[in-house]
C-alpha cells in the first residue's frame, strides 16, 4: 500500500486527484485490497465537497490507478462503492525500478523480514537484508501481485479498456438469465467470469439456457459463481454440448449463419424486469414492453459484439461446423439492394443490431422465395425456415 501511495505522489495526476487518493488510501489495508468508505467520510477527511470527490475518483479510475465497483449492498442507505488500488497498464517508474528489483522500500519491510521465527537485529538476530538484495515477498501489494503488477503481460497480454468493458457488458447480460441471480453474490460471480477465456464466456452465454432446461426438475441449480467455476455447461450431454468449430472469414456463408443463429438464440431468452423497473411500470413511467424491448436490444448487441469486434480487425471467428451444410444454401445479396434493406428491417423488428458498414462485395443470407413480391414477408419466411433447419440438427 505504501508503494502505491508513493507512486501516486510521484505520478502526473493533478494535485487534487493525488490528494483525494491519499485520503482514500487511509481506509485501505496494507495490500490495498479494497475499502468501502462512504462519500461522506471522504468529504470529512479531505475537506472537499462531494462533487469534487466523485470527479477526481472517476479521473483516477480512468487513468488506471483505481477500480471502483458496487459494494453489492442493497438499499438507499448502503450504496457504498468498493475501491481497489490498481496500477495503470504498462506503468513503470525509474526510481521505483532502480531499488530492489522493482520494490520500493517501505516502513513495514523490517517487520516481515526473515524466516518464520527469525530474530530481528534488536532481539539479537541477524541483520536485515540490504536494499537491493534478493528477498522474499510477504505481501500482495498492487506492485508485487501477479494479478496486476507492472511486469504482468510477459506471458499474458493485458486487457485493453475496450475489452474490459466488453467482458463486463457480457457478464451483465448473462447474469439475469440465471434463476434468482439477485439472491447470490454478484462480486463472486464476476470474479469467476473474469477468469474465463473468451471462448468459455461465449459457450456459457449460449449454453446456459440448455443447461437449465437439462437440470430442471432433477437437481437444484448451482450458485452463479460455482456454475462458472465448474464450467458446468460442459456437463451437458454430447448432443447438447459444444460442437466442433472452425475459423470462418467475416461475412462468409458460415459466419453469417452463425450470426443469425446466435441472434435467434438470444431472442428466445426470458427478459425479466428488475424491481426498480417494475416500479416504473406500476407508476406509469414506462411500459413493460418498452423496457423489455430496450433490454433485448442491449442483450442481442452484447451476444454478437465479439463477432463485430473481430470483423473490424479482419480476424476470423470460430463457428460451429453443424451450420456448414445449412449455410451452403445461403444466397448472395447485393449492397444497396431492396432485399438487403428488407433484411435490415427484419433485424430492427427483432431488436437485433445491424452492421455499421456493409462489405462492398455484398452479404449472404438464407434464400428467399423468388415468387414472393413482398420482401418483408419473404425474409420473415426465410428466417423462420432457417430457424426450423437448425432446430433439427
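The numbers here are math on the coordinates, done by the rules we state, and not lab data. Since the model is a prediction, treat every value here as computed from it, not as a measurement. Positions of Cβ are generated from backbone atoms using ideal geometry, with glycine treated the same way; all protein chains shown enter the neighbour counts.
With contacts taken as Cα pairs under 8 Å at a separation of at least 6 residues, segment 245-391 carries a relative contact order of 32 percent. Placing dummy labels 7 Å off each Cα toward the beta-carbon, the span from residue 338 to residue 305 is 3.8 nm. Of the residues 181, 56, the one with the fewest other Cβ atoms within 10 Å heads the list, and the complete ranking is 181, 56.
Cβ-Cβ distance of residue 163 and residue 293, R₀ of 30 Å, FRET efficiency by 1/(1 + (r/R0)^6): the value works out to about 0.60. With 0.36 nm allotted per residue and the present C-alpha distance subtracted, the residue 34-residue 251 stretch has 73.7 nm of extension available. Computed extension length for residue 195-residue 313: 40.1 nm, one decimal, from 0.36 nm per residue of separation with the Cα-Cα distance subtracted.
Dividing the alpha-carbon radius of gyration of segment 319-392 by the rule-of-thumb value 2.2 N^0.38 Å gives 1.10.
The stretch between residue 55 and residue 324 holds 91.7 nm of extra length on full extension. This uses 0.36 nm per residue minus the Cα-Cα distance. In terms of overall dimensions, the C-alpha atoms belonging to segment 161-235 reach 41, 25, 18 Å along their principal axes, ordered largest to smallest.
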